[in-house]
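Have a look at the structure below before the remarks.
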Amino acid sequence: MAPISIDGAITIPIAVASKALQAEMGKNIQLVMTIIVIFMAIASSVVSLCKPRAVQQSAFFNTLLTVTPFWLLMRVLGAVFILLTYLQVGPTIITSSDTGGLVLNDLIPVLFSVFLFAGMLLPLLLNFGLLEFCGTLMTKIMRPIFNLPGRSAIDCMASWLGDGSVGILMTTKQYESRFYTEREAAVIGTTFSAVSITFSLVVITQVKLEHLFIPFYLTISFAGIVAAIIVPKLPPLSWKKDHYIDQSPRHADDETVPKEHHVFSWGIEQALTRASQAGGFKYVFIEGIKNVVDMIFGVIPVVMAIGTIALILAEHSSIFSYLGMPFIPFLELLQIPEATEASKTIVVGFADMFIPSILASSIESDLTRFVIATLSVCQLIYMSEVGALLIGSKIPVNFGELFVIFILRTIVTLPIIALAGHIIF
């Protein structure tokens with residue numbers, strides 16, 4: 001997770017390794033993922049119908065393959081979509097490069113490679129004391145400002161420097177391990193799992209304003225911090241319980257530093273205690289394999305289904321144009337040029353965060369393109385990746401709640417972004 005500079009851009013080693021794997025495997029990733037998604041649909045259907053004893057006796061495989069009817073439907077739809085898209089047969093509304101093709105060819109290879117490396121290496125990050133040490137040091141910042149554990153700062157850094165999916169993976173594992181409560185996991189997953197710095201550069205380049213990258217990213221960071229303070233204090237996030245996954249309440253004193261320690265020494269002691277419980281190489285390796293299987297086999301079928309459906313709605317219906325209409329007076333109040341055209345891009349970001357920038361590239365006003373590009377990153381929730389990953393995980397958020405959070409983030413960050421845009425332009 002340590003930041004490094006490659007060709008003048010800041011990134012992290014996992015991101016570099018994942019890109020190298022994508023380049024090496026090429027189109028083979030799509031074939032492998034097509035086979036896996038189809039296998040998961042068949043296996044989940046068989047387990048749901050037959051309930052084989054061998055699966056039920058294994059906690060890992062039972063959790064992976066036994067799903068509710070809704071998630072079984074998502075896995076089956078994902079298998080149908082990915083097969084049609086890979087073979088390029090059937091309705092073009094599903095298989096085109098703007099819908100199923102975008103998910104299969106652009107998104108899934110990235111998720112596959114990131115999950116492979118992040119899943120294998122995640123035990124090294126979680127089990128050897130780093131989060132306990134940094135968490136103790138960061139508690140006095142994260143708890144008063146965001147009402148979150150100090151260790152959540154590591155999730156934020158992993159997202160900003162690497163990839164939002166890495167942050168969600170970390171958050172999910174820590175929620176399952178009772179380090180985060182329901183409220184904390186939901187807030188971290190929907191507030192700090194931002195796209196990486198490198199992808200932000202892709203967004204601003206798409207709207208032909210790459211020379212403004214520094215003010216663009218400073219605006220994203222400031223608006224994101226304001227949203228992280230305000231949105232969790234509003235429903236639905238404020239309604240989440242401060243209970244762990246097993247419904248036990250959070251201990252009020254679980255971050256208190258004992259009187260005989262200062263913050264640094266207590267962080268060291270906590271880290272060493274955690275590291276002493278990490279287990280040997282075999283345990284760490286098996287846990288890494290389980291992480292990889294859980295994310296690639298369990299999450300990607302859902303991403304294929306939900307991502308494709310969201311993109312079909314965005315590309316082939318007027319639903320997002322209608323949903324964007326209430327924002328026209330808001331944009332006009334903020335003195336954003338071409339407000340009607342801009343409004344069409346606002347809600348479409350819920351389907352995929354890159355679509356607003358694609359639509360904005362035809363808008364003449366530099367100010368409007370800047371606002372749209374910045375807002376698309378600050379909205380953070382988009383169903384082709386982050387939203388589908390959150391729904392597919394055990395983090396307690398549903399589709400309706402994600403849409404409300406998306407709208408709240410839009411309302412909170414848009415005035416800040418508009419002000420920054422007027423200052424810059």
Need the failing condition index for Phe222 against (1) outside any loop (DSSP other than H, G, I, E, B); (2) buried (at least 17 other Cβ atoms within 10 Å of the Cβ), just the number. (2)
Quick check: is even one residue across segment 129-139 open to solvent by less than 10 Å² (accessible area, probe 1.4 Å), farther than 24 Å from Ile268 by Cα and touching a residue at least 12 places away in the same chain (Cβ under 8 Å)? no
Among (1) assigned to a helix (DSSP H, G or I); (2) open to solvent by 20 Å² or more (accessible area, probe 1.4 Å); (3) modelled with pLDDT of 85 or more, Arg143 falls short only on (3)
Failed condition for Lys241, given (1) basic (Lys, Arg); (2) in a helix (DSSP H, G or I); (3) surrounded by 12 or more Cβ atoms within 10 Å (Cβ to Cβ): (2)
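Conditions tested, residue by residue: (1) among the aliphatic types (A, V, I, L, M); (2) in contact with a helix residue (DSSP H, G or I) (Cβ under 8 Å, 6 or more places away or on another chain); (3) crowded, with 23+ Cβ neighbours inside 10 Å; (4) under 29 Å from Ile38 (Cα atoms).
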{"residue": "Asp294", "(1), (2), (3), (4)": "no, yes, no, yes"}
{"residue": "Ile300", "(1), (2), (3), (4)": "yes, yes, yes, yes"}
{"residue": "Ile312", "(1), (2), (3), (4)": "yes, yes, no, yes"}
{"residue": "Pro337", "(1), (2), (3), (4)": "no, yes, no, no"}
{"residue": "Lys394", "(1), (2), (3), (4)": "no, yes, no, yes"}
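Here's the yes/no breakdown for (1) more than 19 Å from the chain's Cα centre (by Cα); (2) closer than 20 Å to Gly150 by Cβ; (3) exposed (fewer than 11 other Cβ atoms within 10 Å of the Cβ); (4) of a type in the set (Gly, Ala, Ser):
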| position | (1), (2), (3), (4) |
| --- | --- |
| Asp246 | yes, no, yes, no |
| Arg250 | yes, yes, no, no |
| Thr256 | yes, yes, yes, no |
| Lys259 | yes, yes, yes, no |
| Gly267 | yes, yes, no, yes |
Looking at (1) out of contact with any helix residue (DSSP H, G or I) (no Cβ under 7 Å at 6 or more places or on another chain); (2) assigned to a helix (DSSP H, G or I), can you tell me which one Glu260 breaks? (2)
Suppose the filter is in contact with a Pro (Cβ under 8 Å, 6 or more places away or on another chain) and open to solvent by 10 Å² or more (accessible area, probe 1.4 Å); does Ala373 pass it? no
Would you please list the contacts, defined by Cβ atoms under 6 Å and residues six or more apart or on different chains, that run from a residue in segment 277-291 that is more than 14 Å from Leu169 (Cα to Cα) to a residue that is open to solvent by less than 50 Å² (accessible area, probe 1.4 Å) and modelled with pLDDT under 90? Ala278/Asn127; Val284/Pro123
Residue list for segment 314-335, filter: open to solvent by less than 70 Å² (accessible area, probe 1.4 Å) and without any contact (Cβ under 8 Å) to a residue 12 or more places away in the chain: Ser317, Ser318
Can you find a residue that is open to solvent by 50 Å² or more (accessible area, probe 1.4 Å), over 17 Å from Lys19 (Cα atoms) and not hydrophobic (A, V, I, L, M, F, W, C) anywhere in segment 102-109? no
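For Val202, state whether it is over 25 Å from the mean Cα position of the chain (by Cα), of a type in the set (Val, Ile, Thr) and surrounded by fewer than 16 Cβ atoms within 10 Å (Cβ to Cβ).
Details: over 25 Å from the mean Cα position of the chain (by Cα): no; of a type in the set (Val, Ile, Thr): yes; surrounded by fewer than 16 Cβ atoms within 10 Å (Cβ to Cβ): yes.
Judged against the criteria, Val202 is not a match.
Do you know which residues across segment 347-362 are under 21 Å from Ile424 (Cα atoms), touching a residue at least 60 places away in the same chain (Cβ under 8 Å) and either of a type in the set (A, V, I, L, M, F, W, C) or open to solvent by less than 10 Å² (accessible area, probe 1.4 Å) (or both)? Spell out how you get there, then give the answer.
Of segment 347-362, the ones under 21 Å from Ile424 (Cα atoms) are 356-357, 360-362.
Subset that is touching a residue at least 60 places away in the same chain (Cβ under 8 Å): 357, 360-361.
Ser357, Ala360, listed by residue number.
The values are calculated or read from the model by the stated rules, or taken from the named source; none is laboratory data. If you're wondering where the values come from, they're calculated on a predicted model, not measured in any experiment. Positions of Cβ are generated from backbone atoms using ideal geometry, with glycine treated the same way; all protein chains shown enter the neighbour counts. Accessible surface areas use protein heavy atoms only, side chains included; no ligands, DNA or RNA. Shrake-Rupley method; radii C 1.70, N 1.55, O 1.52, S 1.80 Å.
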